Amino acid sequence: MPASNDPTAKAWPENVGIIAVEVYFPSQYVDQTELEKFDGVSAGKYTIGLGQSKMGFCSDREDINSLALTVVQRLVERNDLSYTAIGRLEVGTETIIDKSKSVKSVLMQLFEGSGNTDVEGVDTTNACYGGTSALLNAVHWVESSAWDGRYALVVCGDIAVYATGNARCTGGAGAVAMLVGPNAPLVFDQGLRGSHMQHAYDFYKPNLSSEYPVVDGKLSIQCYLHALDKCYKVYSSKANTARKNAGISEPFSLSSADDFVFHTPFCKLVQKSVGRLMLNDFINESTPYLESKHDELDAYRDVKLEDTYFDKQVESTFVKASKDMYSRKTLPSLKVASQVGNMYTASVYGGLASCIAKYSSAAELAGKKIVLFSYGSGLASTMFSMTATDDYYEGSSLAKLHDSLKGLQDRLDSRIKVQPETFDKTMKLREETHHLAPYTPVGNTENLFNGTWYLTEVDEMHRRKYERKPVTGATEKLSGNGVQVKELI
Ligand code: ACO
């Protein structure tokens, strides 16, 4: 991959965006139908009611550092990238194991062999939004006067676990790494962003000794939908200005982009969100895409958005009317979310990866506009978009990006299913050992995917040590004091 670290050689960067994407999820999952039985809830609540089929989870062998190490090294290796080519590294996470030391600083161990320590960026936190803030920071750096010609790397990752009760089934775990730079195959649409930021206690983590959040489930859904309305309004208004300038009179609507990808706490909320965007379009009289007349919508012409968050009639009417849009433009992006669960900061980017993977070829992906909605409780949210380039020839960066995600379903299928009893025991173990020092993890390492970093020890000073499951016959160790050791086995 070309990258120059000669700042004098740089030109003003154009077409800044995402060049490569890597997705990591744990190698084990619990089946949601089996979890319904185990939890004693009515059959269909998690699977049909919330739209989840499987939930990935980690044993005590994995933490946020190991998830980030795994996904970064995988991205670097698969793209044949040099660590010297990276000038900024941003991490977005809400899985906090240290109140001071960043995950980014742990990742710097991977850079040691290259001698590159000139890498800006640290961690960003705000529930599920930290990854988006990290990504926007990375884009801004490449577009700024501080850019030195190198790539930015963004890592989003979380272990989403809830106390026993109705929220537990909406957990998950995983990480996504994204390489950002100029002349990218997925280019950020300039000036097209709508944000909504507001104070709310919908989901937060005030108990620093626990992994679990305090969550007001109903309020969190209301906040999510409210943020969606607000972001869509700002995004659409900016898009309308751009469209007018381009001579397009038809206002922006659900029909104007090829894909809509959402932060996904659970898939049913995303299906409702597409219905909600149609409700917005309908109120704003931006629904010329509804070819046949939908008389059933007429009663809702004058509804106020803020009165409808839990109005089942409005919800079901617009979910039904938007079914075709949802199936074509959003459902395929739920591949990872439905089979892994909520990955918090990584959720919307697991959606982006799934969306890219839906296209059967780079030629099909070429020119597609993808709108993303990122939401983090507390709350911070942004709607933004990117467009795939038209360069789909073999060997192009678009073809490479597309090809790199072809194996997503196979990797999901290669995971190991464990019984809900084992999942429950694992959650208890994580509860009891979270923040214990000294501590030696007991989880099995046999079933981890090759190339996964895992925790081997927490010493009496809370320093963590990691090893990597061999990819090709070599075990790598991170000693915890910053020295990387490679041992041939
Ligand atoms: N068959 C089919 N559907 C069923 C069944 C069944 N047997 N039983 C229940 N359902 C449906 C319900 O009707 C409901 O659907 P609806 O909302 O479309 O009416 C759905 O399943 C869920 O049932 P509820 O009773 O509403 O679920 P509960 O209140 O127990 O928990 C909740 C759901 C609030 C989402 C909980 O899991 C939670 O708090 N999760 C974490 C918070 C969260 O994810 N918030 C989202 C934004 S913030 C973030 O990203 C973390």
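The values are calculated or read from the model by the stated rules, or taken from the named source; none is laboratory data. Keep in mind it's a predicted model, so treat the numbers as computed, not measured. All Cβ positions, even for glycine, are placed from backbone atoms using ideal geometry, and neighbour counts span all protein chains on display. All accessible areas refer to the heavy atoms of the entire protein, side chains included, with ligands and DNA or RNA removed. Shrake-Rupley method; radii C 1.70, N 1.55, O 1.52, S 1.80 Å.
Given the options Ser59, Ser105, Ser100, Ser42, name the one that is touching a Ser or Thr at 6+ places or on another chain (Cβ under 7 Å) and either among the polar types (S, T, N, Q) or at pLDDT 95 or above (or both).
Ser59
Can you confirm whether the range 163-172 contains a residue that is away from the ligand (no atom under 13 Å from the Cβ) and either assigned to a strand (DSSP E or B) or in contact (Cβ under 8 Å) with a residue 60 or more places away in the chain (or both)?
No; the residues of the range 163-172 include none that is away from the ligand (no atom under 13 Å from the Cβ) and either assigned to a strand (DSSP E or B) or in contact (Cβ under 8 Å) with a residue 60 or more places away in the chain (or both).
Of the residues that make up the range 296-314, is at least one within 13 Å of the ligand (Cβ to nearest atom), open to solvent by less than 40 Å² (accessible area, probe 1.4 Å) and part of a helix (DSSP H, G or I)?
yes
Taking only the range 130-146 into account, find how many residues are open to solvent by 20 Å² or more (accessible area, probe 1.4 Å) and touching a residue at least 40 places away in the same chain (Cβ under 8 Å).
Going through the range 130-146 one residue at a time, the tally reaches 3.
Conditions (1) acidic (Asp, Glu); (2) outside any loop (DSSP other than H, G, I, E, B); (3) open to solvent by 30 Å² or more (accessible area, probe 1.4 Å); (4) at pLDDT 95 or above, marked per residue:
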position	(1), (2), (3), (4)
Lys238	no, yes, yes, yes
Ser249	no, no, yes, no
Gln271	no, yes, yes, yes
Arg276	no, yes, no, yes
Asn280	no, yes, no, yes
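If only one of Gly275, Gly247 is within 16 Å of the ligand (Cβ to nearest atom) and free of Cβ contacts under 8 Å to residues at least 60 places away in the same chain, which one is it?
Gly275
Please indicate, with yes or no, whether at least one residue in the range 110-117 is open to solvent by less than 20 Å² (accessible area, probe 1.4 Å) and over 30 Å from His435 (Cβ atoms).
So far as the range 110-117 goes, yes, one or more of its residues are open to solvent by less than 20 Å² (accessible area, probe 1.4 Å) and over 30 Å from His435 (Cβ atoms).
Scan the range 75-108 residue by residue and report those that are of a type in the set (Gly, Ala, Ser) and crowded, with 24+ Cβ neighbours inside 10 Å.
Gly87, Gly92
Looking only at the range 32-58, count every residue that is farther than 20 Å from Val348 by Cβ and open to solvent by 30 Å² or more (accessible area, probe 1.4 Å) and tell me the total.
Number satisfying all stated conditions: 13.
State whether one or more residues within the range 184-193 are away from the ligand (no atom under 16 Å from the Cβ), assigned to a loop (DSSP other than H, G, I, E, B) and in contact (Cβ under 8 Å) with a residue 24 or more places away in the chain.
yes
Within the range 341-413, which helices (runs of 4 or more DSSP H) (wholly inside it) include 2 or more residues that are in contact (Cβ under 8 Å) with a residue 24 or more places away in the chain, touching a strand residue (DSSP E or B) at 6+ places or on another chain (Cβ under 8 Å) and open to solvent by 10 Å² or more (accessible area, probe 1.4 Å)?
Output list reads 397-404.
Would you mention how many residues in the range 205-232 are open to solvent by 30 Å² or more (accessible area, probe 1.4 Å), in contact with a His (Cβ under 7 Å, 6 or more places away or on another chain) and under 12 Å from Tyr375 (Cα atoms)?
So the count comes out to 1.
What are the pairs, 6+ residues apart or on separate chains, where a residue within the range 208-226 that is of a type in the set (Gly, Ala, Ser) and within 8 Å of the ligand (Cβ to nearest atom) has its Cβ under 7 Å from a residue that is part of a strand (DSSP E or B) and open to solvent by less than 40 Å² (accessible area, probe 1.4 Å)?
Here the result reads Ser220/Phe203, each pair linking the range 208-226 to a residue that is part of a strand (DSSP E or B) and open to solvent by less than 40 Å² (accessible area, probe 1.4 Å).
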